[in-house]
Structures are given as C-alpha cells and as structure tokens.
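The structure under discussion appears below in the form of structure tokens.
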Amino acid sequence: MHELAMATSMVEAIIDTAEKNDAIKITQAVLDVGELTMLNPEQLRFMMDVIREDTIFEDAEIIINMIPIEIECDKCGFKGKSKTDENMDHLMAVATCPKCDNTRINIIEGRECSIKTIKIEKEDEEDA
C-alpha cells in the first residue's frame, strides 16, 4: 500500500509550501498522478483526507488528474497513448505500442506524481 507513503509525503509538502507562503488556510490542491505509478486515486484521496485532519489543509478541495501513459515506440516510431494490459494478475501495468505491440518503448508521460498547484488564503486576504 504505497498510497500511504505517497499521501504522507504529498500532504507534508503541500502544508510546508503553504506555510512558507504565510498561508492560514489551503483551499485547493491539484495533483498530477501518472498511471504507471500504480496509485489508486480513491485510496490516495482517502489517505490524504485522514492525514490532513486538524491542519490548514483539512477542508481543501483535492483534484487528482490521472495522466495516461504516453510512449514513443523504438520499433515503428509511434508516438502517443500506449496500449496497457490492465490484467489484474500483474503487479504493474504493462505498456505496449498500440500499433505494433512492441514493448521496447520510451515513456514520455505517465510516471509522474506531482503537486501541480496549491491555492491558499493569507491572513490579510481574510480581513479584506
């Protein structure tokens, strides 16, 4: 269950960044999560909800953008979304070229896990 470790790291980074910018409240966080991370967005959100209780991040909206696997094929040169074997017997997604079924591919997108934006409120904004 690597969602717990990732959720903990993300919540800590979001709160740390907000506090460094004098936030009194976080209103929104947008995350980009690639399909190759194998993170379940519902589990990630649940873990983040538990971890962020009683913090300035507690009531914020969390938006999780799932980023599809985009590849470039070494064999045929195809560039675009990969074909993915979603068979749950695998511990990891197997990405292949949708044109020639080659597995020797270069991953362009789909393995990222990042905080894209954080919206905050500052004390002077609340008084206005």
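Values as computed for the structure displayed
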| read-out | value |
| --- | --- |
| Failed item, numbered, when Met47 is tested on (1) in contact with a Leu (Cβ under 7 Å, 6 or more places away or on another chain); (2) without any contact (Cβ under 8 Å) to a residue 24 or more places away in the chain | (2) |
| So Asp124, is it in a loop (DSSP other than H, G, I, E, B), surrounded by fewer than 16 Cβ atoms within 10 Å (Cβ to Cβ), at pLDDT below 90 and of a type outside the set (Ser, Thr, Tyr) | no |
| Lys25 being farther than 30 Å from Glu121 by Cβ, out of contact with any Pro (no Cβ under 6 Å at 6 or more places or on another chain) and surrounded by 13 or more Cβ atoms within 10 Å (Cβ to Cβ) | no |
| Hits in the stretch 51-76 - residues which are in contact (Cβ under 8 Å) with a residue 12 or more places away in the chain, out of contact with any strand residue (DSSP E or B) (no Cβ under 8 Å at 6 or more places or on another chain) and more than 13 Å from Ile14 (Cα to Cα) | Lys75, Cys76 |
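The values are calculated or read from the model by the stated rules, or taken from the named source; none is laboratory data. Just so we're clear, the structure is a prediction, and the values are computed from it rather than from any experiment. Heads up, the Cβs are rebuilt from the backbone with ideal geometry, glycines too, and the neighbour counts pull from every protein chain shown.
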